[in-house]
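What follows is a single structure, written as structure tokens, with notes after it.
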Amino acid sequence: MSTKKLWGGRFQAQAETWVDEFGASISFDQLMADEDIEGSLAHVKMLKKTKILTETDSNKIIAGLEELQQELHDGKLKFTVENEDIHMNIESILTQKIGPVAGKLHTGRSRNDQVATDFHLYVKNRLPKIITEIKTIQKTLVTLAEDNVETIMPGYTHLQHAQPISYGHYLMAYYAMLKRDVERFEFNMKHTDILPLGAAALAGTTFPIDRNYTAQELGFNEVYTNSLDAVSDRDFVLEFLSNASILMMHLSRFCEEISMWVSYEFDYLELSDKYTTGSSIMPQKKNPDMAELIRGKSGRVYGHLMGLLSTMKSLPLAYNKDLQEDKEGTFDTVKTLLPALRVFNGMIATIKVHNDKMYHATENDFSNATELADYLATKGIPFREAHGIVGQLVLKGIETHHNLQDITMEEFKQISPLIEEDVYNVLKPEVAVERRNSLGGTGFKQVKIQIEQAKIDLAN
């Protein structure tokens, strides 16, 4: 006597319930129910077209699947652990609805190519949503940058004041990072847009299927040309998790700076009450919890990437049950990524910039030292010598609590008689920024060029 499993013909013993629960994936892969029905509809339409199934049987299966699709959207479908995964659950419910003819649906396919198809569809359907959310943040950054082209702030290296820059320039740096993120996800779509269905278990099928027709029905641009690769490939998921990790890293870097810059010590920015929380004991607190959460969730996404890389690293061809472990991390990454992008956008769209605080931070920090060294170099002093001279002046200024702009003209003349009154203008933070007009620099003209190009890119 065989077991009650749809695949149980050669089995005599039934697993214990707790073993079934360990092996089942329905608790999470039911998130692909829509994709599973979509893939089955395309498959049966292909079986009808190629006359592998009769028109009568095909139409009955199609009608049943369309009913299931509607019931799914209405929240009426119930799945069980006994049927292991979403594929067997859908087939079992379809059988209850239309009878044994439902078993013909599985002609010419395996759960191996079926699950791979579902997973391709799942990622394929979500990539455009992620790209849209990233572009929304890019638009917000461009608007904020345009409002702050001439907002002066300290630029940092090693977390030390380096040179004054435009806050708009700073924001456009993150715009550029996100642009690369979009490009990576767009490339990810190419490898997601390949259909595995028709590879069957690993070797193809003897039935005269039409894989190109199925691809057309499902909106795939290509089909896998090797059946072993089709059922075992998860590169498209690894690319997605890698791209998601890089994106979260970019958001995390931004959130790290936001968390610093809203502190009392910096006070460069203020976050809206909508994206902050208070303390249960300290009434004065306004904590950047949303920024911290996004920063923290980056580790969660990294973990899913490392988990799947570790799962894949020793898998022989073709399909192995290990591949069941590819989904939960991906589902959780999507669940983490989309809200994080929306929250991040809302947070920066409502941010308040303390221009005066930023500017004041550049007045007494010697970040105009490079401007003085460059100025001396234009007067004929070799840059290395000028660098040494200014370094000595900075040291003296630190000891005497005087800034470079406080040096008298008489003292400047002792360095070089060629130094003129215009040196004081050169040492102003806003002039230092404005003059840096090399391509891609922080000069106001260059920042405006970046912004205009970004508008064109986003419009296209």
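Quick rundown of the values:
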{"item": "Members of region 171-192 found to be surrounded by fewer than 18 Cβ atoms within 10 Å (Cβ to Cβ) and among the acidic types (Asp, Glu), listed by number", "result": "183, 186"}
{"item": "Selected residue (only one of 200, 176 is modelled with pLDDT of 95 or more, of a type in the set (Gly, Ala, Ser) and on the phi > 0 side of the Ramachandran plot)", "result": "200"}
{"item": "Unique match (being in contact (Cβ under 8 Å) with a residue 60 or more places away in the chain, under 30 Å from residue 48 (Cα atoms), within 33 Å of the chain's Cα centre (by Cα) and surrounded by fewer than 17 Cβ atoms within 10 Å (Cβ to Cβ)) among 125, 89, 112", "result": "125"}
{"item": "Filtered residues of region 309-338 (kept if of a type in the set (A, V, I, L, M), touching a helix residue (DSSP H, G or I) at 6+ places or on another chain (Cβ under 6 Å) and assigned to a helix (DSSP H, G or I))", "result": "334, 337"}
{"item": "Scope region 423-460; condition in contact with a helix residue (DSSP H, G or I) (Cβ under 9 Å, 6 or more places away or on another chain) and of a type in the set (D, E, K, R); matching residues", "result": "428, 430, 434, 435, 436, 445, 448, 455, 457"}
{"item": "Residue in region 296-315 that is assigned by TED's automatic domain parsing to the domain that holds residue 229 and in contact with a Phe, Trp or Tyr (Cβ under 8 Å, 6 or more places away or on another chain) present", "result": "no"}
{"item": "Checking residue 323 against (1) modelled with pLDDT of 95 or more; (2) under 30 Å from residue 118 (Cβ atoms), the condition it does not meet", "result": "(1)"}
{"item": "Residue 162 hydrophobic (A, V, I, L, M, F, W, C) and crowded, with 17+ Cβ neighbours inside 10 Å", "result": "no"}
{"item": "Qualifying positions in region 161-211 - among the hydroxyl-bearing types (Ser, Thr, Tyr), farther than 30 Å from residue 230 by Cα and out of contact with any helix residue (DSSP H, G or I) (no Cβ under 8 Å at 6 or more places or on another chain)", "result": "170"}
{"item": "Where a residue in region 262-277 is closer than 18 Å to residue 290 by Cα and its partner, wherever it lies, is of a type in the set (Ser, Thr, Tyr) and in a loop (DSSP other than H, G, I, E, B), with Cβ under 8 Å and at least six apart", "result": "262/268; 271/350; 272/350; 274/350; 275/350"}
{"item": "Checking residue 48 against (1) surrounded by 20 or more Cβ atoms within 10 Å (Cβ to Cβ); (2) of a type in the set (Lys, Arg); (3) without any contact (Cβ under 8 Å) to a residue 24 or more places away in the chain, the condition it does not meet", "result": "(1)"}
{"item": "Subset of region 186-209 (residues that are free of Cβ contacts under 8 Å to residues at least 60 places away in the same chain and either touching a Pro at 6+ places or on another chain (Cβ under 9 Å) or under 30 Å from residue 133 (Cβ atoms) (or both))", "result": "186, 187, 190, 191"}
{"item": "Residues being within 28 Å of residue 356 (Cα to Cα), of a type in the set (Gly, Ala, Ser) and modelled with pLDDT of 90 or more - total across region 385-408", "result": "1"}
{"item": "Some residue of region 230-247 being more than 21 Å from residue 308 (Cβ to Cβ), in a helix (DSSP H, G or I) and aliphatic (A, V, I, L, M)", "result": "no"}
{"item": "Some residue of region 244-256 being over 24 Å from residue 298 (Cα atoms) and not small (Gly, Ala, Ser)", "result": "no"}
{"item": "Scan of region 156-182 for residues that are under 28 Å from residue 131 (Cα atoms) and among the β-branched types (Val, Ile, Thr), ordered by number", "result": "182"}
{"item": "Within region 364-404, considering residues that are of a type in the set (Asp, Glu) and surrounded by 15 or more Cβ atoms within 10 Å (Cβ to Cβ), the one farthest from residue 288 (Cα to Cα)", "result": "374"}
{"item": "Sole residue being surrounded by fewer than 23 Cβ atoms within 10 Å (Cβ to Cβ), assigned by TED's automatic domain parsing to the domain that holds residue 324 and hydrophobic (A, V, I, L, M, F, W, C), chosen from 230, 201, 244", "result": "201"}
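Each row is one residue, and each column tells you yes or no for (1) in contact (Cβ under 8 Å) with a residue 40 or more places away in the chain; (2) under 17 Å from residue 154 (Cα atoms); (3) of a type in the set (A, V, I, L, M).
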site: 407; (1), (2), (3): no, no, yes
site: 421; (1), (2), (3): no, no, no
site: 430; (1), (2), (3): yes, yes, no
site: 433; (1), (2), (3): yes, yes, yes
site: 444; (1), (2), (3): yes, yes, no
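Conditions tested, residue by residue: (1) assigned to a helix (DSSP H, G or I); (2) crowded, with 21+ Cβ neighbours inside 10 Å; (3) of a type outside the set (S, T, N, Q).
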position: 251; (1), (2), (3): yes, yes, yes
position: 256; (1), (2), (3): yes, no, yes
position: 279; (1), (2), (3): no, no, no
position: 283; (1), (2), (3): no, no, yes
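To keep it simple, each residue is scored yes or no on (1) small (Gly, Ala, Ser); (2) in a helix (DSSP H, G or I); (3) crowded, with 18+ Cβ neighbours inside 10 Å; (4) at pLDDT 95 or above.
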{"position": "410", "(1), (2), (3), (4)": "no, yes, no, no"}
{"position": "413", "(1), (2), (3), (4)": "no, yes, no, no"}
{"position": "420", "(1), (2), (3), (4)": "no, no, no, no"}
{"position": "424", "(1), (2), (3), (4)": "no, yes, no, no"}
{"position": "432", "(1), (2), (3), (4)": "yes, yes, yes, no"}
{"position": "440", "(1), (2), (3), (4)": "yes, no, no, yes"}
{"position": "446", "(1), (2), (3), (4)": "no, yes, yes, yes"}
{"position": "451", "(1), (2), (3), (4)": "no, yes, yes, yes"}
{"position": "455", "(1), (2), (3), (4)": "no, yes, no, yes"}
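The values are calculated or read from the model by the stated rules, or taken from the named source; none is laboratory data. Predicted, not measured: the structure shown is a model, and the values here were computed from it. We place every Cβ from the backbone using ideal geometry, glycine too, and count neighbours over all the protein chains shown.
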